[in-house]
Structures are given as structure tokens and as C-alpha cells.
């Protein structure tokens, strides 16, 4: 019995827990693991951000400045892979780890050891990805989607990327099984499903999506691997296969994947807006159903990424209408957030600023998504900067801004200190200004026909590109300010009360700040 | 403290980080090997050895914890949820390959043999199924359904029955029936694998049916290969469970490890039925 012990807080605080590096390597604590996820994702954000700076430096002026074209392709590819799998997804899992046990009144996650394994699979995957820059032929330059046949033809960097995707997939599946089991089985007595905080609901649905589609991505890259090295012809017409098959399998994963990256963001924003509007969330039930509808619809829209591959008109119409249907539940959500603020006694602390910024800018990204969904328009703007603008509006101003909002919102609970409100607000305003400076102009570039993933461009695109590059450098530097604010908050600051936001609701605010090592010693009763 | 009994949290453990190191080695090793770099196989084998060590250690810890009565009902329910969701993820993995089979057979191959594509690019190509592809000159014989595959179907179906019979034995605390049922299941699993190896050798040498044989060869070997890999894993899991039974593990009312393995075994069985119908028969 010495290897294990039941949950007895009075005894397991100080002793028998390793310290130093071993604490982090062997931990079974959801807060330790959540912290590691968040720091890992921030490190990856800086890595992917550095690659983005490389892209924008090359595009600052027309003509070839810094990189060879194939290295430029590696930059765009690895920027995408690192941001999607290294920054955004792990950051949300970090939030899930910190928040879900506290929000449902549990002491920890259902599988504490596996939780640690899910996290520690990420560094090996990141090492495989980053090392691939240094092998002969460099990293893969096939785009983050790794489309065949280009991905079939590339060097060893591609194989490293494939194995990294396998390992990250295993991490995601284990993490998701853990999250679903925790939510379904560890809730405090009295917390029925329909009493769960919205953030917990969105993660329940996200975890379901992850378990459903990560194995499909594993299948896609496995077929890629056998096509590359073992002579299969899945994506080769000479053997009866088809490169388009890769796109189908990939996007069957890929479209749910984009909701995997936004649904937890919806959850965070749904916690923050009611707090600072000092009103309960408007239409909680409809929010739950809207989230579930988005998840279900995400399985039947994938081919809207493929309108130009040569699809029967019936297929184009089906995928166009199915895609536009997603605007309905998303509209319900945006309506509910606005209705929550309606006649609320609002204040605009940093989390609220980021949430309102999210609402405004994410909705713009949603609308350009609707534009992209219209087949005849999409055929014009496919693979242009319009698409780049669209998905950065939903991924940066959507997912990333919600992550920032969540960090500021829960930082007092995590560290026991208030963050510097002035600097937080400065971080928000710099972020939103530089963000729009970078990406708004890309709409014009795309509509004017500038193709994405090309290191050079025609001179008429020069002005907008220079604006975008300046915005990108500003946005990148601004995130160092974020790092400073977080570190400053961890190291000290005004003591945070148990409930630093007077409109906040939920079990996590009944715990002291910083939250105790094990969240709830005894399950709270939820009425 | 009644409520404190409610939760179970394991102590810090080094097994997760050992597993991560194993996968790091395996990732690099496999990438080096398939790119013909000499160190590759050694790095890969190192990773596999570390992984095996991790599995022995980790699963050993879990079964010791279980046998010493650490796991309460809540933990048991958590295990049930997690195994169900794990099997769902496996279903989706196979779905990707069944989807690829469907796409090649119903869309890609007919598209190559008809319309302007067939007329201008591959005028000599007659689409149909089973087929390799318009650019592959060698011919092969497809695998029939009613020889070894039919026998294997019977074997796997029988093994599903024997594992359930063993479960009945466990529930009424008839250890003899439990052990014998498990033993029979393992023997059937190994027989299945032996027949599949024989079938593969036969396919490659007599039928010229290989992984390189276009749409049919790729889908045949990838689907049956991954299934065979799952049967291998399932058999190993059954062997571990048999050893645990012989060591006196499990009680009539507390034996989720056994149930988890039998769920997995039934899942592998269902996948085989789909394979038999969609890959061998139709």
C-alpha cells in the first residue's frame, strides 16, 4: 500500500512528495500538470511566433529577402503545426486541468497518472518537430495540412512530423478520455449535467470531438507514411488511389479540429461575460444545445475545404448549405453573450476587455467564414490571403484572445495575487490594435488575388504587406509584455481574495486563493 | 471521514516520464530506420524495451493497487467510462481505413476507368474490383473469402464465446472454468494469428499479392494488418489476465481488468466481421 494512498489531505501536503525537477516529472496533481501545459503552450506560442516573424520579415517587401523559397514553405508549415498542436490545443488542456476539478467540486482528475503521461508526451513530440528543421532536407514544407502528393515526396523531416503527430494524437486521446471521465464521474453531489459551468460543458463536447477525430488523423498520416516508405498507393492514381482521398480523410479530422480549438474558448468567454456583466449567462440551456449542435455539424462539413478539387455540384451544394447551417448555433451563442451584457452593470477589467474583444473580432472571423462557405466565392478566394485572414480572426482573435481572457480571469485564483491591471489593459489594447493591423489588410490582399504560402508577391501588394508585417512584429513583441505581467503576478502583488470578481459564480471561487493543492477535500454539495 | 473515501488519487509516479522517453526514442528510431540510417533500428529497439519496461511497471502497480483494495466504486466506474471511450477511439481509427477502402473502391477506381480521365490518361485500364491500379503492370490473385478467412471467422466467433464462458466462471467463482475458458480463448487467438501469417505468406508467394499491389493490396494489408496487430495485443492482454487469474487475482464482484480485456476482444471480433464481409467477401 505504500505506493498509493487514498485521498487524505492532512497527510500528503508536505512529505512524500518529491521536490525540484522530480516533482514536475512525477506529479499526479492536476494543478501542477495544468501549469506545465500552460507553460509548454506559451513556449510553443513563442516558437511558432518566431517562425511567423520569419514569414512576415520575408513578406515585408516584394522580392526575395531572407529565405530560400523551400525554407519559407517550412516556416509556414511549421508555424501552423506548432501553433495548432503545440500552442492552442495544449493551452486549453491546461485550462481544463486547472479548472474542471475546481469547477465540478472534485479533488483532482479521474486518472492522475495518465494525466501526467498526456502532458509529458508533448515535449517528445515538440522535440521531433523542432529537430526536423535540422535533418537533411529540413522540416516538412507541405503546409500544416500535409497534403499528398507533396508530403509523399519530401525528406526525413516529413517522417519526424508524422511521428510527432502520432504522439500528440496519443496525448490528446488520453487527455480527452481523462477529461470526459472526470466530468461524467467526478462531479460533486447535486451537480447535474445541466448545472455544470459552461466551460465544463464545452470541454465535455470538445473531448468527445477529440476522441472521435484524432484517430482519423492518425490513420491519414499512417497512410502517408506507408505511401512514402512501404509502396502503398492510397494517394497515387497509378495504384488506384487518389490524392483527394488524403484531403477527405484529413479534413474529416480537420474540421472538427477547428471546433476543438474554439469550443473551450466559448466556454471561457461564457464564464467571464456573466461575471463582469453581473448577470447570469443568458440562455444557458440554449448555449449547451448550441455547443452540441456545432460539434455534430462539424462532422458533415469537411469538404468545404475542398471546393476546388473537382466535386460534383450536388456535393458542393450539400457542403455549402451544411456549413452555412453552423452559423445558426454560433449565432445563438453570440446573441446570448450580447444578451447577457444587455442592461448588465458592466465593468471592463482585462478579462472582460479580452472577452468583448473576442466577441467583436471573432464574430468578424465567423462572418468571413460564411463568405468562404459560399462555393462560387470560395472558388475565387481559395488559397488566397483572404483565407489566411479568416482563420487568424477565429484562431488568434478567437482562441488566443479567449485564452488571454481566461488567464487574467483565473490568475488570482491560481497564484493568490492580483495581476497588474494597468499592464493587463495595455496588453489588451496593444494586442487588438496590432492584431487588426496585421490581419485586417489580408482581406484586401486576398480579394485582390495574393496567393498564400508564396515567399514573393507582385509589387501592387507591397503597401498592405508592409502594414501586415509591422502589425505582426508589434503583436509578437506585445506578447512579451504578457509574459512580464504573468511572471510579475506569480512573484507577488496585491493579495487576491477567494472571490476577486464580485459577479463571479461557481465552486472555484469558494476555494481560497491560491487554490489548495488538492481542490476539494470533501465534495461540496451543490443545490 | 466518509467523504474523503470518495476520492482516490495515486502518489507521484515516474512511469509516465519513462513512457515519454520511450516514445521519443521510438519516434526518432523509426524515422531514422525508414530513411536507411544505420542507428535507426537500435534506437527504435531501445525505445521499445523502455516502453515494455514502463508497461510492466505501470500495469503491475495498477494490479497491485487493485488487489490491495485501493479502488472504490467510483474508480471502477471511471475505468468503465475510460475503456469505452478508448474503444470508441479505436473504432474511429479503423473507420479511417474502411473509409479509404470505400473511397478507392467506389470513387477513385471507377473514376480512373471512365470519363475523360480513363479515355485520355489510362485508355487501357478496366476498372472493377479487386484491382491494383492503372499504372501497375504486375497481376495478382485476390484473396478468396471461403478458405482460411472463413475458418478464422469461426475461430474468432468461438473465442468470443469462450471468453464469455470464462467470465461466467469468474462470476460464479468457478476458477477452473475461468482459467480453462481463458486458456481456450488464448489458444484460439494464437491459432487465428498463425493462420493469418500462413495466409500472408501464401498471398505474397503464390498470389503475388503485396502491399505494393495498388488499391486492393494496400487496403487488404493495411486493414487486415492493423486488425492482426490488435489481435496480437488482445492475445497478450489475455495472457496477462490468465497469469493474474492463476495468481489468484480477481473476485466475482470485482474484476474490471478482465472485463476490459473481454470488451476489447469483442471489439476486435466485430472489426473482423466487417473485414470478412467488406474486404474478403464482397
Restricting attention to region A:310-317, does a residue exist that is surrounded by 21 or more Cβ atoms within 10 Å (Cβ to Cβ), in a helix (DSSP H, G or I), in the same structural domain as residue A:427 (by TED's automatic domain parsing) and at pLDDT 95 or above? no
Any chance region B:186-207 includes a residue that's over 19 Å from the mean Cα position of the chain (by Cα) and not in a helix (DSSP H, G or I)? yes
Just to be sure I understand the filter: pairs with C-beta atoms under 6 Å, separated by 6 or more residues or on different chains, first member in region A:113-126 and outside the structural domain of residue A:162 (by TED's automatic domain parsing), second member surrounded by 24 or more Cβ atoms within 10 Å (Cβ to Cβ) and in a helix (DSSP H, G or I). Which pairs pass? none
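Every residue, every condition in (1) facing chain A (nearest Cβ under 8 Å); (2) in contact (Cβ under 8 Å) with a residue 12 or more places away in the chain; (3) closer than 21 Å to residue B:280 by Cβ, yes or no:
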{"residue": "B:103", "(1), (2), (3)": "yes, no, yes"}
{"residue": "B:109", "(1), (2), (3)": "yes, yes, yes"}
{"residue": "B:115", "(1), (2), (3)": "no, no, no"}
{"residue": "B:140", "(1), (2), (3)": "no, yes, yes"}
{"residue": "B:144", "(1), (2), (3)": "no, yes, yes"}
Does any residue of region B:83-105 turn out to be in the same structural domain as residue B:240 (by TED's automatic domain parsing), more than 23 Å from the chain's Cα centre (by Cα), surrounded by fewer than 18 Cβ atoms within 10 Å (Cβ to Cβ) and on the phi < 0 side of the Ramachandran plot? no
Would you be able to say whether some residue in region A:458-475 is more than 20 Å from residue A:59 (Cβ to Cβ), touching a residue at least 12 places away in the same chain (Cβ under 8 Å) and assigned to a helix (DSSP H, G or I)? no
Condition test on residue A:82, is it out of contact with any strand residue (DSSP E or B) (no Cβ under 9 Å at 6 or more places or on another chain) and either in contact (Cβ under 8 Å) with a residue 60 or more places away in the chain or under 26 Å from residue A:516 (Cα atoms) (or both)? no
Among the candidates B:187, B:231, B:197, which residue alone is in the same structural domain as residue B:86 (by TED's automatic domain parsing) and buried (at least 17 other Cβ atoms within 10 Å of the Cβ)? B:231
Would you check if residue B:71 is at the interface with chain A (Cβ under 7 Å from one of its Cβ atoms), modelled with pLDDT under 90 and within 27 Å of residue A:102 (Cβ to Cβ)? no
Out of the helices (runs of 4 or more DSSP H) lying entirely within region B:1-114, which hold 3 or more residues that are closer than 26 Å to residue A:519 by Cβ? B:15-34, B:40-67, B:73-103
Scan of region A:472-489 for residues that are surrounded by 16 or more Cβ atoms within 10 Å (Cβ to Cβ) and farther than 30 Å from residue A:441 by Cα, ordered by number: A:486, A:489
Say we look at region A:199-243 and pick out the residues that are in a loop (DSSP other than H, G, I, E, B) and touching a helix residue (DSSP H, G or I) at 6+ places or on another chain (Cβ under 7 Å); which of these is surrounded by the most Cβ atoms within 10 Å (Cβ to Cβ)? A:240
Please find, within region A:244-266, the residue that is surrounded by the most Cβ atoms within 10 Å (Cβ to Cβ) out of those that are facing another protein chain (nearest Cβ under 10 Å) and out of contact with any helix residue (DSSP H, G or I) (no Cβ under 6 Å at 6 or more places or on another chain). A:246
Checked against (1) touching a helix residue (DSSP H, G or I) at 6+ places or on another chain (Cβ under 6 Å); (2) at pLDDT 95 or above, residue B:274 satisfies every condition except (1)
Before we move on, is residue A:94 within 13 Å of chain B (Cβ to nearest Cβ) and buried (at least 23 other Cβ atoms within 10 Å of the Cβ)? no
Can residue B:217 be described as over 27 Å from residue B:78 (Cα atoms), surrounded by fewer than 19 Cβ atoms within 10 Å (Cβ to Cβ) and within 13 Å of chain A (Cβ to nearest Cβ)? no
For region A:147-161, enumerate the residues that are surrounded by fewer than 24 Cβ atoms within 10 Å (Cβ to Cβ) and touching a residue at least 24 places away in the same chain (Cβ under 8 Å). A:147, A:149, A:152, A:156
Residue hits (region B:168-189; in contact with a helix residue (DSSP H, G or I) (Cβ under 6 Å, 6 or more places away or on another chain) and in contact (Cβ under 8 Å) with a residue 40 or more places away in the chain) are B:170, B:178, B:179, B:182, B:185, B:186, B:189
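The values are calculated or read from the model by the stated rules, or taken from the named source; none is laboratory data. None of these values were measured; they are calculated from a predicted model. Every residue, glycine among them, receives a Cβ derived from its backbone with ideal geometry; neighbour counts consider all protein chains shown.
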